[in-house]
Each structure stands twice: as structure tokens, then as C-alpha cells.
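For reference, the structure discussed in these notes is given below.
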Amino acid sequence: MVATYSSVTLASLLKPVLVDLYNGAKGKAKEGLKKWSTDQGVKKAATGLLRLDKVKTVWSPEVEISLKKFYYPSNISISGKSEAIDNIDSLPSGNIVIEGIVGQGKSIFMRHLASTLIDTTSIKYIPLLIELRTLSPKRTLETAVYSALHALSLSPDSETFEYLASTGKIILLLDGFDEIPGECISETIVELEHLNFRHPGLRTIISSRPRSHIQNVAGYKVLKLVQIKPQDYDKFIFRLVSDITKRFDIVTALNSSPENIKGIIRTPLMLTLVVMVYQTEKQIPATLSEFFEKLFGTVFSKHDRLKAGFNRQHHSGLPEQKLKQVFDAFCFMVIHQQGGRSLSSQAFESAFKSALTYLKDHQCELLGFRKDIVNVACLMVEEGFDTVTFLHKSILDYHAAAFVKDLPDAQAKAFYMSAFDRSAQWGHVLEFLRSIDPLRYARDYIIEFIPDLISELKEVANFGSDEDLYEYLDSIMPSFIIKVESYRAIEAGPLLYTSADFYGALVESVADKCLEIIDDAFNEEEVDRAIALTEALDTDNLGNGNVNISAILRVFGTETVRDCLNDYELDASRNLEITKKYLANEKIKHDSFTDILGLH
């Protein structure tokens, strides 16, 4: 790993490639690369690249540690096979999207890939690692790239970057596409498409959660991270716990843990958090809810519990339970105010004040709360001059869900009603609520909304006219377009569905069917007709070679898509029946208990 190098050693390895780049530049580009022609500039670049190996983790949130001390090789699914990725050369060529769920180690994997590029005796490429969550309307992808180059001692401008991109000697590693602010997604995609068009030799690797827009952009191969399996436990934990006896006890406890806990131990983050809880509690909690409750106490006082009789004074002045309630409310307000994993000091203060407005008997000072969460519990970390970041976004999502779970019934119902058509904002919180607030999630969310949506879908799929079908699809997939080149579908999107719990898988299935229709078309004249019809129906797509759903169905027929809708309706109806049975059983339990109490 790169950590084995000093800045002097790395500078000597970097110098040939940096000087070669400088010598090949001309004009303004050469001026921008001028520092790379000096020993001091090369050393500064080496110092900047050494930072790739330093990272704070949930296991060591207080100090940065070397990646090589804890990194466990990630596996990628390639052509249906799980392949261990030791370095960037192990990946297929071309532009790639690395897809993984929350906590699957996407960011660490991206940093590992970047580090491997300079962990060699013959450096060929310069990695530019950029965290996309830092983008904003004022900080575009281009601006972020320039900042990354500046950190490597350059004075970047468009000419400098254009030259570097044209050489194929830099590789862009863009981490966290799913964390880009919503208002910046379209512009970022345009920037990426522009880069790919102008510089086909510039390699770009992007990480993202599933169902992000980047997966639909042409020119990117999507590769999925493989989830952790029980056989990985011992080797993974070896990176965290060196003592053989302790490691044996942990692995034994993991293998004996309840099925619902085993079900969440599929990612490096969750395995690490479970190990942390076990080390403190000496057991693995029996339920998911209990696990997260234990986690807060574990990370908040993990150091203190090792010291007999020591009780740290909280900076906020609040006992742990009240502090957790404030943190739950704070996380809810962050998401309510359209915040994300990283917050400015102003956004942090705004969410904090809103939380205390609700919890009027939990008063504390902003600075004390921030110190408790950042410096003691380490659930958030300071980044730069004016930014505080959640250790992982799942912490934000879970604690926001915990706030909803503790709301009275009337307020919880109001939340579920509000959240239904705002899945982009509340989707991950709702996923947690499905587990920790199952009764109200079923009653106030699923039963309240899903039956009508299923009935509407069934009516359109089985009895609606073609025009009804076109209108329905346009309502759940607005602006969906397939780009066609040489009679092949090269790109599709966007999938701007509103209620992910119901429409998410449906719109993806319909989109896949439409792509198949275009790619399987035997008659090129039919594709031309669909393009012409799209232009006639949508003036925004004149001469673009695009095809919309309405045109596809008008030319190729509706049978395939109607079958798709019918299949989805059957699955949704089965799930609805399961929910109804669950609620019926809960009612039986309730009635039985009231009988015991003599309340009937």
C-alpha cells in the first residue's frame, strides 16, 4: 500500500510521469503544470496523494489510520462470478459504475482503488478521488476536479485539465453519486457526458447506491459489490481484532446470532458495528431495533465503560437517553430540511434549533450538543472549516426513523401521509421504519395508500384503453426517453417516480421491457416510425433520435408492457395480503389482551 512510502520516496516514483506530462504540455496547459517541473512541486503532489491512504472509520473515528491496516478486499460480481479486486487492473476496462447498498464499503473501495494506482514501483496514472456529496449549485464537478488538481500543487484551468484528460494519464474516481444534491444531478450528468465525448481515453469510475441516475447513462458498465457472507467473518474481523481468543468468541457469537441480525450482516459497516456492540455488551442483540438502540450507547461511551467508576460529564448536560432523543429529532430535522450526510455549520444549527423546538424539555446549548455527538460519540466528524459529516448516512436515516417511531400515533400518521409522495427524501428512513415501526408502517402507510394504487394499476393493465395506458405510464415515468443510435438503445431515463415503495421496481421493469423492444426490433422502419412519432408528440425531442414510451407502444403494441404491469400487480397484491394478515393477527392479539384486562 501507499502508506509504506514516505513523501520523499513517493516523489521519486512520481517524478518521471509528472515531468513527462509537463514536457508534453503547451501554452496555458504548460503554465498550469509548471510546479510539476520542480522538485518542490513533485513533493507536494506526493504529499497530497499520500492522503489517499488515510481515513477515519467507524472503528477509529477519532484519528486517521492507514487503509492497509483494516482493508478487507472487496468482491465484484463480473459476468455472474464473484471476483476479488486487488487493484484497478482487476476491473474490466472502460468507464464503470460500482454499485453497492448502504454500508457496503463503496467509499473505502474507491479509496483503495485510488491508492493502488500509486502503490507501485512504476506509476503510470494519477488518481483524482472526488467525493460527489461536496457538489452544490456553486461547486460543480468541474470545480471539484480543479480543487483536486490544486491539492496536487497545480494551478488548474480548463486548458490544463483538457490536456491532462487527453493524455489518459489521470483517472477520475467519483465517490457517492447517490449523495449528489437533487438539484445538481442533471448538470453533473451533462458534465460527465461532455467529458466522455471529448475525452474517450479519460477513464471514470463512479460509486453509487442502486437506482441512481448514473446507472442509465450511456458508456458506463455497472458492476455490483458482492455482499459479505458468514465465511468472510473471521478474515474480516482479523483486520479489527488481533487477539485470537476474542476473535473466536466474536465469530462464534455471530454464527449463533438470531436470523434477523444475520440478515443485516451483509456489509462491512454492519459487521463492524455488530462487533463493536458485542465488545461492549458481550452479546449480540436479539432484534434489529435493540441493536441500533445498543449502538448509540456503545459508540457514545465505548471508552468510558472500560474505566471502572468513570462517568463522563456530557457537554450538553443531558443524560444519555435524553441526548439520544435530541439526536433522533436532530436527524429527522436534517432530512426534513433537505439536508444530507454533510452539513454546514448553518445547516447543523438550523436542524438543532428545530429539534429543540419540538423537544422543549430537552434544552441544551448548540456547542455542547455538537461536542457530544462529534467528539464523544463520534457519530459525526468535522471536515474542513465549516462542514460536519455523519460517519455514515445510515446513522442519519436510522435515527430519523427512531424519532418517527417514538411519535404519538396521530403525529406518526401525519408523517406517513406526508412521506408517501416524497420517497426521494424519506425513502431510506421508511426502509428502517418498515422494521422498527412495523404496525404503523403497515396500517398508516401500506394499507392507507397501496390498495388504491393496486386497483388503479389493475384497471389500467386489464381494462384501460391504450390511451389510458399511455397516460398512466407518463404519470409514473415523466420525461422518460430512450436514446437510440444505429437502431440500438444506448441510454434510458430518467426514472423520476415519486413513491418508491410502490413504483420503484415497476418503472424499472417497464423501462427494461421498452429497452428490449427497441433492441429486439427486427424492422428498422418500425424504430424510425417510433422516433418520428416521438418528435411529433414531443417537440423537445425534434431530431434527437429519441423514443418515448407512448411512441414505442403505439408502434410495437402494448401487450408486453401490459404483461409487465399484470405481473407487478400480482406481486403487489400478494404483499398486500401478507400485510393484511399481519394486521389481522395484531388485532387478535389486541382483542385478546383487552379481554384479559376485562375491558370488553
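The values are calculated or read from the model by the stated rules, or taken from the named source; none is laboratory data. Because the structure is a prediction, the values reported are computed rather than measured. Here the Cβ is made from the backbone with ideal geometry for all residues, glycine too, and neighbour counts use every protein chain on show.
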*Examine region 341-352 for a residue that is over 25 Å from the mean Cα position of the chain (by Cα) and in a helix (DSSP H, G or I), and state whether such a residue exists.*
no
_So for region 530-545 (the condition being assigned by TED's automatic domain parsing to the domain that holds L469, charged (D, E, K, R), in contact (Cβ under 8 Å) with a residue 24 or more places away in the chain and crowded, with 16+ Cβ neighbours inside 10 Å), does at least one residue qualify?_
no
*Residue selected from region 353-370 under the condition more than 18 Å from D406 (Cα to Cα) and not charged (D, E, K, R), by the criterion modelled with the lowest pLDDT*: Q363
*Among the listed residues L195, L225, L173, L240, which satisfies the condition of being crowded, with 17+ Cβ neighbours inside 10 Å, more than 20 Å from the chain's Cα centre (by Cα) and at pLDDT 90 or above?*
L195
*Among the residues of region 382-407, count how many are surrounded by fewer than 18 Cβ atoms within 10 Å (Cβ to Cβ), closer than 15 Å to K371 by Cα and of a type outside the set (S, T, N, Q).*
3
_Can you list residue pairs whose Cβ atoms sit under 6 Å apart, with the first residue in region 61-87 being closer than 16 Å to Q104 by Cβ and free of Cβ contacts under 8 Å to residues at least 60 places away in the same chain and the second being surrounded by 15 or more Cβ atoms within 10 Å (Cβ to Cβ) and of a type in the set (A, V, I, L, M, F, W, C)? Count only pairs 6 or more apart in sequence or on different chains._
E83/I76; I85/I76
*What is the number of the single condition among (1) at pLDDT below 90; (2) of a type in the set (S, T, N, Q); (3) touching a strand residue (DSSP E or B) at 6+ places or on another chain (Cβ under 8 Å) that S207 does not meet?*
(1)
*Have a look at E524, E459, E508 and point out the one that is within 33 Å of the chain's Cα centre (by Cα), modelled with pLDDT of 85 or more and among the acidic types (D, E).*
E508
*asked:* S107 - would you say it is assigned to a loop (DSSP other than H, G, I, E, B) and either in contact (Cβ under 8 Å) with a residue 60 or more places away in the chain or under 21 Å from the mean Cα position of the chain (by Cα) (or both)?
replied: no
*Would you check if there is a residue in region 34-49 being assigned to a loop (DSSP other than H, G, I, E, B) and either out of contact with any strand residue (DSSP E or B) (no Cβ under 7 Å at 6 or more places or on another chain) or free of Cβ contacts under 8 Å to residues at least 24 places away in the same chain (or both)?*
yes
*Quick one: how many residues across region 145-170 are buried (at least 16 other Cβ atoms within 10 Å of the Cβ) and either part of a strand (DSSP E or B) or touching a strand residue (DSSP E or B) at 6+ places or on another chain (Cβ under 8 Å) (or both)?*
7
_Options V334, V376, V326: the member that is of a type in the set (A, V, I, L, M) and over 22 Å from L407 (Cα atoms)_ = V376
*Would you please name the residue that is modelled with the highest pLDDT, looking only at residues in region 396-432 that are more than 15 Å from Y358 (Cα to Cα) and in a loop (DSSP other than H, G, I, E, B)?*
F420
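Taking G103, is it surrounded by 17 or more Cβ atoms within 10 Å (Cβ to Cβ), more than 28 Å from I214 (Cβ to Cβ) and either among the β-branched types (V, I, T) or in the same structural domain as N23 (by TED's automatic domain parsing) (or both)?
Spelling it out, it is not the case that G103 is surrounded by 17 or more Cβ atoms within 10 Å (Cβ to Cβ), more than 28 Å from I214 (Cβ to Cβ) and either among the β-branched types (V, I, T) or in the same structural domain as N23 (by TED's automatic domain parsing) (or both).
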*Counting only residues that are touching an Asp or Glu at 6+ places or on another chain (Cβ under 9 Å), of a type in the set (A, V, I, L, M) and within 19 Å of K581 (Cβ to Cβ), how many does region 410-466 have?*
5
*Kindly provide the set of residues from region 132-185 that are closer than 17 Å to G340 by Cβ, of a type in the set (S, T, Y) and in contact (Cβ under 8 Å) with a residue 60 or more places away in the chain, ordered by number.*
T134
